[in-house]
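Since the structure comes first, as structure tokens, the remarks are kept for the end.
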Amino acid sequence: MKRTKVKELLTGFPVGEEVLVKGWVRTKRSIKEIVFIALNDGSTIKNIQIVAEGVKFGEQLLKDINTGAAIAVKGKLAESKGKEQPVEIIAEEIELYGKADPEIYPLQKKGHSLEFLREIAHLRFRTNTFGAIFRIRHAIAFAIHKYFNDKGFYYLHTPIITGSDCEGAGEMFRVTTLDFDNIPRNQEGKVDFSKDFFGKETNLTVSGQLEGELGALALGEIYTFGPTFRAENSNTPRHLAEFWMIEPEMAFYDINDNMDLAEDFLKYLTRYALENCRDDLEFLNNMFDKGLIERLEFILKNPFERITYTNAIEILKASGRKWEFPVEWGRDLQAEHERYLVEEYFKRPVIITDYPKEIKAFYMKLNDDGKTVKAMDVLFPGIGEVIGGSQREEDYNKLLNRIRELNMNEKDLWWYIDTRRFGSAPHSGFGLGLERFLIFLTGMTNIRDVIPFPRTPRNAEF
Ligand code: 4AD
Ligand code: MG
């Protein structure tokens, strides 16, 4: 007999049919000789109620069916007498796959803190909270592909192992097969990377953008969606050492087209979640963040504010606030500044453009003022920067000048610079941090709770 998922049983499945369900016990309670089991199989946050008559199954079996146990149940789908659920299964056969000893199984009925659940990340999928979060994460990953595919963008697989540092921040994890106990050295006494696996220094990518640009300058519109690595030693609720980034890159887009796409994309994903993850969002709304759904709906209805960096600095200076980090033209904005602009001043998402070139990466297009670049950061409530992007420098000489000014190794980037010699064209793109956006969508406050297995400084468990 074929197994039916709980989600299907709860959405108009014909009553009276014989069905087979398989899942994990959430709760069990007995009333006289009848045992009621709430069974969850991950297909939905809702459980199906199993009604088992004691006389049919024997005491031992029912005793072993505790919270966390895996079982299969065959029985008839019936209208439920209880008010809690529309239907239930009157059990005829029960098979116990795996017990979960109540003395040692950590996920008993009482609520656990998110901190505690991080320590048992191998089991936290079995809670309502993490079931909801990871179903939403899946839905968003799917929606990202759908959005771009429907628009005619191509999914480009950029490499994970690279020899360049796209963001120029030097926050890279090295990839090597050199023997650490016997490191080859050159005449100057430096490590001889010509003996390494790739014959040169390599690292895990911090961004697929540079390779993405190569694709966009031929395929027109592309996007990447993959794991990204940053060895920045920031232990914050917004930073991961391994996160997932979505990077669209488009030929013939200027900075305004880029902003329009970013806004449309974020609204599309938010709408997708509201339309397709309703049960899970309602659960998170009720359990953690009573303003969650309202906030998501607000985003859809209102245009994002668009201001220049210079304008943002003026607003922050005029605020009369005492800042932990100084506000001064030329300095980067900190989380406290970003959150003030979004949460207090404009009370909506804000796109900041035209940052000083010194605080942005080498590839951004220089403005006519010679001081600022066509950068854009999208700031969201509760998180700050969710997207970073820009129009790219397509002028060969300007790009080369900037690379030299920054003392970057132009030999490593020959292939990138080369695209500006042949059929160069205006183009733009941005990067969305998947987990940053999921913090916003789920109402979680720590990025470690929206990725299955967080990688952070001093933590690579699981
Ligand atoms: O602003 P970033 O560094 O931009 C880039 O990497 C560009 N190459 C993107 C592009 O234009 N194609 O990173 C982009 C986004 C940030 O806005 C943030 O959402 C996320 O990636 N991000 C992180 N998310 C989690 N943990 C970290 N350590 C992150 N660093 C960046
Ligand atoms: Mg950034």
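Every read-out reported here was derived from the displayed coordinates using simple, explicitly stated rules and does not represent laboratory data. Just so you know, these numbers come straight off a predicted model, no measurement behind them. Note that each Cβ is placed from the backbone with ideal geometry, even for glycine, and that neighbours are counted across all protein chains shown.
In summary, strands (runs of 3 or more DSSP E) completely within the stretch 41-128 and bearing 1 or more residues that are in contact with a Lys or Arg (Cβ under 6 Å, 6 or more places away or on another chain) occur at 70-79, 87-98.
Check whether at least one residue in the stretch 306-319 is crowded, with 18+ Cβ neighbours inside 10 Å and within 16 Å of ligand 2 (Cβ to nearest atom), and report yes or no. Looking through the stretch 306-319, at least one residue is crowded, with 18+ Cβ neighbours inside 10 Å and within 16 Å of ligand 2 (Cβ to nearest atom).
The residues in the stretch 380-394 that are hydrophobic (A, V, I, L, M, F, W, C) and either within 22 Å of A425 (Cβ to Cβ) or within 6 Å of ligand 1 (Cβ to nearest atom) (or both) can be counted, and the count is 2.
Among strands (runs of 3 or more DSSP E) entirely within the stretch 372-434, having at least 2 residues that are β-branched (V, I, T) singles out 372-380, 384-391.
One residue alone among A216, A231 is hydrophobic (A, V, I, L, M, F, W, C), part of a helix (DSSP H, G or I) and in contact with an Asp or Glu (Cβ under 7 Å, 6 or more places away or on another chain), and that residue is A216.
Keeping to the stretch 1-46, report how many residues are of a type in the set (K, R), within 29 Å of the chain's Cα centre (by Cα) and over 25 Å from D101 (Cβ atoms). Count: 3.
Taken over the stretch 24-40, the criterion of being assigned to a strand (DSSP E or B) and either aromatic (F, W, Y) or more than 19 Å from L107 (Cβ to Cβ) (or both) is satisfied by W24, S30, I31, I34, V35, F36. Taken together, N203, N182 contain a single residue that is more than 16 Å from ligand 2 (Cβ to nearest atom) and closer than 30 Å to F265 by Cβ, which is N203.
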